[in-house]
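Student: Just dropping this structure here.
The values are calculated or read from the model by the stated rules, or taken from the named source; none is laboratory data. Since the model is a prediction, treat every value here as computed from it, not as a measurement. In this analysis, Cβ positions are derived from the backbone assuming ideal geometry, glycine residues included, and neighbour counts consider all displayed protein chains. Remember, those area values only see protein heavy atoms, side chains included, never the ligands or the DNA or RNA. Shrake-Rupley method; radii C 1.70, N 1.55, O 1.52, S 1.80 Å.
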Amino acid sequence: MIAPHSVIRWSDALLVGIDFIDHDHREAVEAINRMAATVRNGGSVQGDLVAFRHHCAEHFGREDAMMRQVDFFAIEPHGEEHRRVLAELDAILARLGAGEDCRDYFTEVLPQWFLEHRATMDFVTADFARQRGWSPEA
């Protein structure tokens with residue numbers, strides 16, 4: 001059952017077929033849903049956002065390493081998107097610290113970005129890595 005304030009429903013349709021990516025994505029969906037519910041209830045998400053940013057930095061680092069390992073043809077735009085998102089999360093943290101209302105970021109912008117990024121860049125990257133025989137032990 002999906003929680004009442006969830007903005008992303010996890011399902012097998014979100015899997016890309018690379019274990020660490022799928023695991024990290026499931027954790028990201030849980031964090032995004034938690035932050036969306038918190039802001040809808042008027043709570044503070046700064047601590048959760050710091051943890052989410054850390055999660056993203058670690059995930060992006062693993063994904064970037066995989067892309068280098070398989071010589072992914074679009075490593076530059078995909079890596080640049082990772083850097084852009086980390087900068088965006090830093091900017092949202094600063095805005096929250098200044099007392100700005102960023103509810104729409106957590107209920108609309110971030111979930112939409114996640115779903116689009118997964119369906120485009122991550123899907124293509126995972127497919128390419130599998131075709132190149134990528135495995136975590138390689």
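Student: Between A13 and V50, what length comes free when the chain is fully extended (0.36 nm per residue of separation minus the Cα-Cα distance, one decimal in nm)? Write out the running numbers ahead of the final one.
Tutor: Details: separation 37, 0.36 × 37 = 13.32 nm, distance 2.77 nm.
That works out to 10.5 nm of additional length.
Student: Something else: Quick check: residue separation of L86 and A65 times 0.36 nm, minus the Cα distance between them. What number comes out in nm? Show your work: numbers first, answer last.
Tutor: Details: separation 21, 0.36 × 21 = 7.56 nm, distance 1.67 nm.
Length difference between fully extended and current span is 5.9 nm.
Student: Okay, next question. Can you give me the accessible area per residue for the chain, using a 1.4 Å probe, in Å²?
Tutor: Numbers: 7480 Å² over 138 residues.
Ligands and nucleic acids excluded, the result is 54 Å² per residue.
Student: OK, next. I'd like the carbon and sulfur percentage of the solvent accessible area for the chain, probe radius 1.4 Å, heavy atoms only, ligands and nucleic acids excluded. Show your work: numbers first, answer last.
Tutor: Values: 3950 of 7480 Å².
So the carbon and sulfur contribution to the accessible surface is 53 percent.
Student: Can you give the longest run of the chain that contains no chymotrypsin sites (Phe, Trp or Tyr not before Pro) sitting in a DSSP loop with at most 16 other Cβ atoms inside 10 Å? Walk me through the numbers before you get to the answer.
Tutor: On the way: sites that count: W10, F73.
The reported range is 74-138.
Student: Over what distance in Å are the Cα centres of the range 25-39 and the range 71-138 separated?
Tutor: 15 Å
Student: Kirkwood-based Rg over Rh for the chain (C-alpha set), two decimals? Write out the running numbers ahead of the final one.
Tutor: Numbers: Rg = 15.5 Å, Rh = 15.7 Å.
Using only Cα positions, Rg/Rh for the chain is 0.99.
Student: Select from the range 65-109 those GluC sites (Glu not before Pro) which occupy a DSSP coil region and have at most 11 other Cβ atoms within 10 Å, ordered by residue number.
Tutor: Values: sites: E80, E81, E88, E100, E108; in loops: E100.
Here the sparse-neighbourhood loop sites are E100.
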